[in-house]
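Notes follow the structure.
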Amino acid sequence: MCGRFTLASPAQAVAAALGLPDFPALPPRYNIAPTQAVAIVRGAPVPEVALTRWGLVPGWTKDLARLPLLINARAETAAEKPSFRAPLRSRRCVVPADGFYEWTGAPKARRAIYFTLADGAPFALAGLWDRWLSPDGSELESCAILTTAPNALLARYHDRMPAILPRERIAAWLDPELRDPARVSALIDSYPAEAMRERAVGPTVHSARNEGPGCVEPA
DNA sequence: CCAGACGTTGTT
DNA sequence: GTCTGG
DNA sequence: CCAGACGTTGTT
DNA sequence: GTCTGG
């Protein structure tokens, strides 16, 4: 799955990787955690960037406190889940990232592994977003990252991996005219293992309170 | 019809 | 053990 | 995802 | 909001 990721590349590199005319300069992030602000790209033909809470809150939610944190959505079943059905049809987004972490090992010997593309370039995670009107009248926009079957690299550690969209599929994923669930899910696949790299990193990333390049330092 | 649920992951 | 915060 | 908290009372 | 269970 995907419960922590990074986005520290220069804005220009993010724009190039996503095929966008530009991308805003954001503070480099090495430890993006659930409930924190996450940049998403949504809409077409001119995509816009928005900052949303990581942990999707369905529009019909009545009690935020009782809602589990929906940071991931299984691509195989999202079309049938009440929380994800409508967002999958009409509120798809991409989440720019340049790496993500997976944890492995027994509870007392947990290690984090950091995954990137082989060339170190930023990439697009397939995401969903929604908008929730809180009782006090304020609006909350939130997002979730889709997961899929792991490639051979990820399978060494986990039975899931985040859905990375190859650059040529980003526009189709963001296209609001695309509403057929079968065609939507056809865009999701396990990214080729040969195009990815992994490295074990130290314990700094374990705490979501830690931030900075120390999170990705080799163990 | 109304009421009630609506989620993912990892671990054992 | 379970829930909340980041 | 992991880390960390998890409580009540009285007094100022 | 939308689907399922009764």
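Quick look at the values:
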read-out: Count - residues of the stretch A:21-44 that are away from DNA strand D (no atom under 16 Å from the Cβ) and either hydroxyl-bearing (Ser, Thr, Tyr) or buried (at least 18 other Cβ atoms within 10 Å of the Cβ) (or both); value: 5
read-out: Per-region count, the stretch A:104-121, residues touching a residue at least 24 places away in the same chain (Cβ under 8 Å) and not in a loop (DSSP other than H, G, I, E, B); value: 8
read-out: Tally of residues being surrounded by 17 or more Cβ atoms within 10 Å (Cβ to Cβ) and under 20 Å from A:Glu168 (Cβ atoms) across the stretch A:118-138; value: 6
read-out: Which numbered condition A:Met196 fails, given (1) more than 16 Å from DNA strand C (Cβ to nearest atom); (2) surrounded by 13 or more Cβ atoms within 10 Å (Cβ to Cβ); (3) over 17 Å from the mean Cα position of the chain (by Cα); (4) under 19 Å from A:Phe5 (Cα atoms); value: (3)
read-out: Set A:Ala86, A:Ala73, A:Ala17: member being assigned to a helix (DSSP H, G or I), in contact (Cβ under 8 Å) with a residue 24 or more places away in the chain and under 30 Å from A:Arg199 (Cβ atoms); value: A:Ala17
read-out: Selection count, the stretch A:89-112, where residues are more than 9 Å from DNA strand B (Cβ to nearest atom) and over 27 Å from A:Arg197 (Cβ atoms); value: 4
read-out: Residue selected from the stretch A:143-174 under the condition of a type in the set (Gly, Ala, Ser) and either away from DNA strand D (no atom under 15 Å from the Cβ) or surrounded by fewer than 16 Cβ atoms within 10 Å (Cβ to Cβ) (or both), by the criterion nearest to A:Leu67 (Cα to Cα); value: A:Ala163
read-out: Odd one out for A:Leu69 among (1) more than 21 Å from A:Pro135 (Cα to Cα); (2) within 16 Å of DNA strand C (Cβ to nearest atom); value: (1)
read-out: Filter result (free of Cβ contacts under 8 Å to residues at least 40 places away in the same chain and surrounded by 14 or more Cβ atoms within 10 Å (Cβ to Cβ)) within the stretch A:45-68; value: A:Val49, A:Leu67
read-out: Flag for A:Arg209 being more than 19 Å from the chain's Cα centre (by Cα), part of a loop (DSSP other than H, G, I, E, B) and within 16 Å of DNA strand E (Cβ to nearest atom); value: no
read-out: A:Gly137 in contact with a strand residue (DSSP E or B) (Cβ under 7 Å, 6 or more places away or on another chain) and away from DNA strand E (no atom under 16 Å from the Cβ); value: no
read-out: Boolean, A:Glu177 is in a helix (DSSP H, G or I) and surrounded by fewer than 15 Cβ atoms within 10 Å (Cβ to Cβ); value: no
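Values in this text are rule-based calculations from the coordinates and carry no lab data. In this text the structure is predicted, and so the values were computed from the model without any measurement. With ideal geometry, Cβ positions are generated from the backbone for all residues, glycine too; neighbour counts draw on all protein chains shown.
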